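Please read the structure below before turning to the comments.
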Amino acid sequence: MAMKSILESSVESMNNAASFEDFIKIMDEVNRIRNNVQSMETLVSIRYSINTDDDFYKTEKHYWDEISPQYEELNSMFYRAVTESRFRDELEKKVGKQFMKIAEYALRAFDPCIIEELKEENRLSSEYTRLLASAKIMFEGEERNLSAMGPFMTSKDRYVREEASRLYYGFFEENEARFDELFDKLVSVRHSMALKLGFESFTELGYIRMMRTDYDSDMVSVFRSQVSEHIVPCASRLFERQRRRLGLDSLRYFDENFEFETGNAEPKGDAQFIIDGGIRMYSELSPETKEFFEFMMEHELMDLETRKGKGAGGYCTYIPDYKAPFIFSNFNSTDADIDVLTHEAGHAFQVYQSRWIDIPEINFPTYESCEIHSMSMEFITYPWMKLFFREDTEKYKYAHMGSTVKFMPYGVLVDEFQHLIYVDPQMSPSERKAAWRELEKKYQPHKNYEGCDFLERGGWWLKQGHIFKNPFYYIDYALAQICALQFWKKMQHDREGGWQDYLRICEIGGTKSFVDIVSEANLISPFEDGCVAGVMKDIDAFLESTDDSRL
Ligand SMILES: [Zn+2]
């Protein structure tokens, strides 16, 4: 890697810079190189996901996987040069507090003495992924993996839903001992890393790894209490309405994801129809979104349709050298296709508006903040949903808002569970499951696991990958969502004001921390009592005003 010696000597010159001006000049050059490396890496991963059979990009990706630890080491050198610089105060004024904190946190989360533990953590995480992928479930005459069971688990035929769900959770029960052992090892390796780095438990280190620079676990618990008090009752009412709508005696665990006997709202046309709708929507929404979407179209920065050999899922990423976002998805003719055009495009719009930022760490803000932009766009574009769903528009909005409300209690449940786990790393597997089941009773009192002993014992979370692979990464979705809902509320009566607030936080990108971004957006912080109650009344009224028995 020729880059390596150039970067090493540049960082060395940063350390020896005679004046602040010199320091900045060299730092700009270092960032130019880092942006270039990042662009290469992003292009390789995009090309690979577009066609996973392409040997050239397969090799390139493998090369990057091999050398990326070395590159991380170079970044650490750079972070040290930044945080230990004698020009630190001037620098902080120029690049902002948030970047300095990120550099500091990256250094605090790492020390050569935990390299073995980090490797072990990676190995265990990959083993979890492999274990999930190993599922081979015989169903309706064919061997299927876990995701292929999805459509059957939401089948119109209740018997099929039940049978598919029984087999799906049966896989987890059959492999329960392996999942338990993996998780036990993950908890203990994380705990020992935390101790080596001088923390009391993994919780604090987990927050640092997530770059939570301006809030702590006490503040998060204030938010969780609000969800428990103000959202859980509303979610329970939604599940009850669902039971009535479906004409069931009781809503059992395999019924939860089945919303309408008449099927979910679907886009009324093919991929081109959806893209045409997107062009019209973004050109009507604002001059900024019009320019953005035209840029995406003109430079072919969206690969949306499913093809053989394409990687799974969807994402938005950014290529710094071209100042270009990129959106990837696999259209499947469901309402999820429209979410790509709103959610992923929300991410892309933010990073496009903040393309003036030349420091790769802060093109996107941290996780809980960057989801504000994407989730809010889902609500900001409500007035255009009729372009895609026509007579099903009301059904789409009811289901979209409903699933948002139903998600929130689950989001904080996953978070509270992880706090319990890492404060007491000695818990046994059955104690962990019992703790999970208790939390379900608190946050999801509607749950009915009759006939499924495994779920009744608290086994649900074994399928929640974040808990295994990305500790503490989950509350982010709930924090961002409550901000998005505030945008929804505001834009009902002050569309222009709300839009200007949204635009402003797109432009600042990742230069600010979560609480600061929330305040720049003129929103109430989720850590403040009253935040959740403040939107729930309107949401309740919105949901109540829909006669769902007609949908
Ligand atoms: Zn997102």
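The values are calculated or read from the model by the stated rules, or taken from the named source; none is laboratory data. Keep in mind it's a predicted model, so treat the numbers as computed, not measured. Reconstructed Cβ throughout: ideal geometry from the backbone, glycine too, with neighbour counts over all protein chains shown. Keep in mind that these areas ignore ligands, DNA and RNA; they rest on the heavy atoms of the full protein, side chains included. Shrake-Rupley method; radii C 1.70, N 1.55, O 1.52, S 1.80 Å.
Summary table
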| item | result |
| --- | --- |
| Every pair of residues 6+ apart whose Cβ atoms lie under 6 Å, when the first sits in segment 441-462 and is among the polar types (S, T, N, Q) while the second is surrounded by fewer than 17 Cβ atoms within 10 Å (Cβ to Cβ) | 448/250 |
| Unmet criterion (only one of (1) more than 11 Å from the ligand (Cβ to nearest atom); (2) outside any loop (DSSP other than H, G, I, E, B); (3) out of contact with any Asp or Glu (no Cβ under 8 Å at 6 or more places or on another chain)) for residue 307 | (2) |
| Evaluation of residue 377 against (1) among the hydrophobic types (A, V, I, L, M, F, W, C); (2) open to solvent by less than 30 Å² (accessible area, probe 1.4 Å); (3) more than 30 Å from residue 278 (Cα to Cα) (one fails), failing number | (3) |
| Boolean, residue 16 is over 28 Å from residue 312 (Cα atoms), without any contact (Cβ under 8 Å) to a residue 12 or more places away in the chain and not charged (D, E, K, R) | yes |
| Criterion (within 16 Å of the ligand (Cβ to nearest atom), farther than 22 Å from residue 41 by Cβ and open to solvent by less than 30 Å² (accessible area, probe 1.4 Å)) met by exactly one of 342, 393, 366 | 342 |
| Residue within segment 34-52 that is surrounded by fewer than 13 Cβ atoms within 10 Å (Cβ to Cβ) and not in a helix (DSSP H, G or I) present | no |
| Residue match in segment 330-338 (condition: within 24 Å of residue 294 (Cβ to Cβ) and small (Gly, Ala, Ser)) | no |
| Any hit, segment 426-435, residues being outside any loop (DSSP other than H, G, I, E, B) and within 16 Å of the ligand (Cβ to nearest atom) | no |
| Test: residue in segment 401-409 that is open to solvent by 20 Å² or more (accessible area, probe 1.4 Å) and either at pLDDT below 95 or within 16 Å of the ligand (Cβ to nearest atom) (or both) | yes |
| Residue in segment 499-529 that is surrounded by the fewest Cβ atoms within 10 Å (Cβ to Cβ), counting only those that are in contact (Cβ under 8 Å) with a residue 60 or more places away in the chain and small (Gly, Ala, Ser) | 513 |
| Residue that is of a type in the set (Phe, Trp, Tyr), outside any helix (DSSP H, G or I), more than 25 Å from residue 370 (Cα to Cα) and open to solvent by less than 40 Å² (accessible area, probe 1.4 Å), where the choices are 183, 199, 179 | 199 |
| Subset of segment 204-215 (residues that are assigned to a helix (DSSP H, G or I), open to solvent by 20 Å² or more (accessible area, probe 1.4 Å) and touching a residue at least 40 places away in the same chain (Cβ under 8 Å)) | 209 |
